[in-house]
Amino acid sequence: MELTPDLLKTLYRYLVTTRTLENRVATICQSQNANDPLIVGKGYLSAGQEAISVGAAHALRQGDWLAVGHRDMGAHLVRGITPQEIFAQYFCRATSLTQGRDENIHFGCTDKKILGFISHMGASACVANGLAAAMKYRGDPNFVLTTFGDGASSQGIVHESLNYAAVFKLPVVFIINNNGYAISTPVQEQFAVKNLADRAAGYGISGILVDGNDVVAVYQNALKARDHVLAGKGPVLMECKTMRMCGHGTHDSAGYVPRDEIEAWEKRDPLLLMKEQLVKEIDFTEEADKKLSLEVNELIEAAWQAAAKASGPRAEDLLTGVYTEGNLSDVNFRGRSRML
Ligand SMILES: Cc1ncc(C[n+]2csc(CCOP(=O)(O)OP(=O)(O)O)c2C)c(N)n1
């Protein structure tokens, strides 16, 4: 896919939108009234690693599926979830993707082919396999992209999923966003391999190591991985190295991360790298950047304020959209009709 100026600018716009939206989530969490909070839970942000979800989601085509992790805000935006829907989700509003039943990143959207987030780290890899097996069985020309962190990559279910996908040559691209820490545990205390992508050899599949702060590199490698899995050559394990430039959640100040480590990564901020590339390669100026920031800021401000005005879920709607529409007494449980 040609890297046109429009494509480069679009990728940058998604990076800026993701950062601005999540910064707003953070400031709401920090400044809200504890007795009447707008955001009931916490925020799990992707500061510093936005290039992974933005770049990878850009490689998806219409019928492809996304099995998300908890730092994939960029992918949601690329797939067309609106900032207002995201804020409604954070605020548990009836207008949210879960109609107010859940909060923060705990949602999916089948219309947009996004599998619901699974809180048990690594479990989405296994469900991604199920989706991919169905696609392969039906002969669909599509694949599943699933992402998880370095910590999740140590889960047994992830190893089993990679092995299973390898044996049955399932069309899945597994992306590890290696952001240096699993909550407060640094990578050197998590695994002994140099690169997590090296594990691919053990499963007999292709492994790719990518600079996770370079959105164009992520995008191009995800496209390559897509072609590979759709050619029936088996799954791909792609490791994107990056750094989580915030705490695990908005409740965590990340005091356990050495200052010099943060400073080194700040120089490689994905937004900064992409902006430098735009200035160098196409007609993009400081002025254009300021205009973009203003536009995105306005969009995000309008989105959270509109979401905040919406009402919460109603008790009488509790059973709608759960399991099945219609009269639950008609549902046949293992051959027997049961009244609930
Ligand atoms: C099976 C399981 N174990 C533990 C947890 C608690 N937990 C939530 S996030 C997290 C850290 C995940 O680290 P990583 O996979 O590296 O992702 P990151 O948060 O760095 O993006 C843990 C241990 C969980 N949700 N599921």
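The values are calculated or read from the model by the stated rules, or taken from the named source; none is laboratory data. What you see is a predicted model; the values in this text were computed from it and never measured. Cβ atoms come from the backbone with ideal geometry, glycine included; neighbour counts cover every protein chain shown. Accessible surface areas use protein heavy atoms only, side chains included; no ligands, DNA or RNA. Shrake-Rupley method; radii C 1.70, N 1.55, O 1.52, S 1.80 Å.
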**OP:** Under a 10 Å cutoff between Cα atoms, tell me which one of 162, 237, 273 has the largest fluctuation in the Gaussian network model of the chain.
**Re:** 273
**OP:** State in Å² the accessible area per residue of segment 126-227; use a 1.4 Å probe, count heavy atoms of protein chains only, and round to the nearest integer.
**Re:** 42 Å²
**OP:** Sticking to Cα atoms, compute the Rg of the chain to one decimal and its Dmax as the biggest Cα-Cα distance, whole number, in Å.
**Re:** 20.6, 68
Subject >> Formal net charge of residues neighbouring residue 15 (Cβ-Cβ distance under 13 Å; K, R +1; D, E -1) >> reply: -2
Subject >> Among 194, 275, 42: highest mean-square fluctuation, GNM of the chain, C-alpha pairs under 10 Å >> reply: 194
Subject >> residue 147 long-range amide H proximity, modeled H, under 5 Å >> reply: 67, 69, 175
**OP:** Do me a favour and compute the ellipsoid semi-axes for segment 87-140 from its Cα gyration tensor, root of five times each eigenvalue, largest one first, whole Å.
**Re:** 26, 13, 6
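Relative to the Cα centre, what is the charge dipole magnitude of the chain, using +1 at the beta carbon of each Lys and Arg, -1 at the beta carbon of each Asp and Glu, and rounding to the nearest 20 debye?
On the way: 34 positive and 39 negative charges, 218 e Å.
I would put it at about 1040 debye.
How charged is the neighbourhood of residue 203? Take every other residue with its Cβ under 12 Å from the Cβ of residue 203, and add Lys/Arg as +1 and Asp/Glu as -1.
Numbers: positive: 169, 199; negative: 160, 198.
Local net charge: 0.
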Original post:
Using alpha-carbon positions, what is the distance between the centroids of segment 208-255 and segment 262-285, in Å?
Top reply: 18 Å
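If the viscosity is 1.002 mPa s and the temperature 20 °C, what translational diffusion coefficient in µm²/s does Stokes-Einstein give for segment 185-232 when Rh comes from Kirkwood over Cα pairs? Present the calculation step by step, with values, prior to reporting the outcome.
Details: Rh = 12.4 Å.
Estimated diffusion coefficient is 173 µm²/s.
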Subject >> Karplus-derived 3J(HN,Hα), 6.51/-1.76/1.60, for each residue of segment 200-214, Hz, glycine and proline x >> reply: 3, 4, x, 9, x, 10, 7, x, 10, 9, 10, 6, x, 9, 9
**OP:** Please turn the phi angles of segment 105-119 into ³J(HN,Hα) values with the Karplus equation 6.51 cos²θ - 1.76 cosθ + 1.60 (θ = phi - 60°), one per residue in order, whole Hz, x for glycine and proline.
**Re:** 9, 8, 7, x, 7, 5, 4, 9, 6, 10, 5, x, 4, 10, 5
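Could you check how much of the accessible area of the chain is carbon and sulfur, as a whole percent, using a 1.4 Å probe?
Numbers: 8670 of 16530 Å².
In the chain, the share of accessible area belonging to carbon and sulfur is 52 percent.
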**OP:** Hey, could you grab the Kirkwood Rh for segment 165-286? Inverse mean 1/r over distinct alpha carbon pairs, Å, one decimal.
**Re:** 16.2 Å
Original post:
Roughly what % of Cα-Cα distances in segment 48-108 sit above 13 Å, to the whole percent?
Top reply: 59 percent
Subject >> Convex hull volume per residue for segment 27-169, taking Cα atoms only, in Å³ >> reply: 117 Å³
Original post:
For the chain, modelled as a GNM with alpha-carbon contacts under 10 angstrom, which of 108, 69, 156 fluctuates the most?
Top reply: 156
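Please report the relative contact order for segment 33-191, taking Cα pairs under 8 Å with a sequence separation of at least 6, and give it as a percent rounded to a whole number. Present the calculation step by step, with values, prior to reporting the outcome.
Values: 251 pairs, mean separation 33.8, N = 159.
Over segment 33-191, the number comes to 21 percent.
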Original post:
When you take every Cα atom in segment 231-304, what is the radius of gyration, and what is Dmax, the widest Cα pair distance, in Å?
Top reply: 17.6, 46
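Treat segment 107-228 as a sphere of radius equal to its Kirkwood radius over Cα pairs and apply Stokes-Einstein at 4 °C in a medium of 1.567 mPa s; give the translational diffusion coefficient in µm²/s, rounded to a whole number. The partial results should precede the final answer.
On the way: Rh = 15.1 Å.
Calculated translational D: 86 µm²/s.
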Original post:
Longest span of the chain, sites excluded, free of GluC sites (Glu not before Pro) in DSSP loop with at most 16 other C-beta atoms within 10 Å?
Top reply: 3-324
Subject >> Note, ³J(HN,Hα) from phi for segment 86-102, Karplus 6.51, -1.76, 1.60, rounded to Hz, x at Gly and Pro >> reply: 5, 5, 4, 5, 4, 8, 6, 8, 5, 7, 7, 5, 10, 6, x, 7, 9
**OP:** Collect residues whose amide H, placed 1.01 Å from N in the peptide plane, falls under 5 Å from the amide H of residue 38; neighbours closer than 5 in sequence don't count.
**Re:** 33
